[in-house]
Structure formats: C-alpha cells, structure tokens
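The values are calculated or read from the model by the stated rules, or taken from the named source; none is laboratory data. Keep in mind that this is a model prediction, so the values were computed, not measured. Here the Cβ positions follow ideal geometry from the backbone for every residue, glycine too, while neighbour counts run over all protein chains shown. SASA here: full protein model, heavy atoms, side chains in, ligands and nucleic acids out. Shrake-Rupley method; radii C 1.70, N 1.55, O 1.52, S 1.80 Å.
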Amino acid sequence: MTAAVFEHGGPWTEAEYLALGETRDRVELFDGSLHVTPAPTPRHQHIWRQLGNALEPGAEAVGLHVLEAVNVRLRSGRIPIPDLVVVGEIDFDDPVVDGTAVRLVCEIISPGNAATDKVLKMHYYATARIPWYLLVEQETGTLRLHRLDGSHYVEHAVAEPGDSLRLAEPVVAEIRPAELLPGR
C-alpha cells in the first residue's frame, strides 16, 4: 500500500481508494485526500470493545447491528472509518456502508487526533445527517452524546466516570464510562 500511496498523483477517487484494499493502518478518504493514522493503542481498543459490548444487546433488540471500524460512505469521495457504528439493514459483503444506514456513529478521541474527531468528522457526520454522534474522551473516559439538530450537532448528554450515560435512541443502553477504561 505504501508504494501505491507515494506514487499516486493528484486527488484520489473513491475507486482508487477502495482498490487499496485492507490495511493495518486506518486510511480514510476525505474529498480526494487520504487521511492515514496508525493502528489504535491497546487502551483505545479496550474502550472500543467495551463500548461495543454495552451497545450490542440494545441494538439486537431492535434489529440493528453494531460494527467496528468499517468504511462509511457519507457521500461520493468521503469515506471515514468511524471507531464504531450502529446501523440498520446493510449488505454485509459490500466493503462500504452507506451513511444513510448509520443511526449512531462513535469516535474514541485519540490525544494526537482530537481535532479530526471534534471538528472535521463532526461536521461531515452532521452533513450526512447521522442522527447521533458519541465521542469518547480516551484519557478521561468522559462520554459526550450529540444529537443532530438541523444541520449540526448539539450536546445531548455528558457522562464522566462515576456517572452513567443512558441512551433511549437509537438503542436502549446504559453505558458506565468507568467500565470502559482498562484496569477498572
């Protein structure tokens, strides 16, 4: 993949991006440019798994699915890889999930990449009309649930370790931030 990226000239098309195939790095497509980040840390992965486990029963109860690190097409040429999504009906063999199927998107904020999740992706997810956006602050365990209001997100609820975040939509779930963190 490295040679293909460095030898490529000009903006990337969606077809060229998808032709890269699976990689160990997280490679996202934003309007012709690739955004590459290394594999997540073990802390990030632990939070990811615990969060997925907390959402899974509520999703299954209403016929939704919890997926980790999948390509989500927000529009042509804009494909992020969120940490976690809750989706409706999709084609499980398609390498890309259409953004219209996403009910909730979650990003676990990495200290060196916070602006991407808090600004860029938040804007892109709102533009794609994804109803719920959950941010997890990896360093503190704080959860920030945002709800789509018109064309942007508003903070709906915040939970810190010691608190619980109760979701009623798109799934019924209770998430305890302290239980997401390793070494609890």
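Before moving on, here are some points about what is shown:
- Within segment 146-178, considering residues that are touching a Gly at 6+ places or on another chain (Cβ under 8 Å), in contact (Cβ under 8 Å) with a residue 24 or more places away in the chain and part of a loop (DSSP other than H, G, I, E, B), the one surrounded by the fewest Cβ atoms within 10 Å (Cβ to Cβ): Val172
- Condition met for Ile81 (open to solvent by less than 60 Å² (accessible area, probe 1.4 Å) and within 28 Å of Glu137 (Cβ to Cβ)): yes
- Ile81 being in contact (Cβ under 8 Å) with a residue 40 or more places away in the chain, part of a loop (DSSP other than H, G, I, E, B) and at negative phi: yes
- Meets criteria (closer than 26 Å to Val62 by Cβ, among the acidic types (Asp, Glu) and not in a loop (DSSP other than H, G, I, E, B)) for Glu107: yes
- Some residue of segment 37-54 being over 29 Å from Val158 (Cβ atoms) and open to solvent by less than 50 Å² (accessible area, probe 1.4 Å): no
- Qualifying residue in segment 7-22 (condition: on the phi < 0 side of the Ramachandran plot, of a type in the set (A, V, I, L, M), in contact (Cβ under 8 Å) with a residue 60 or more places away in the chain and open to solvent by 30 Å² or more (accessible area, probe 1.4 Å)): yes
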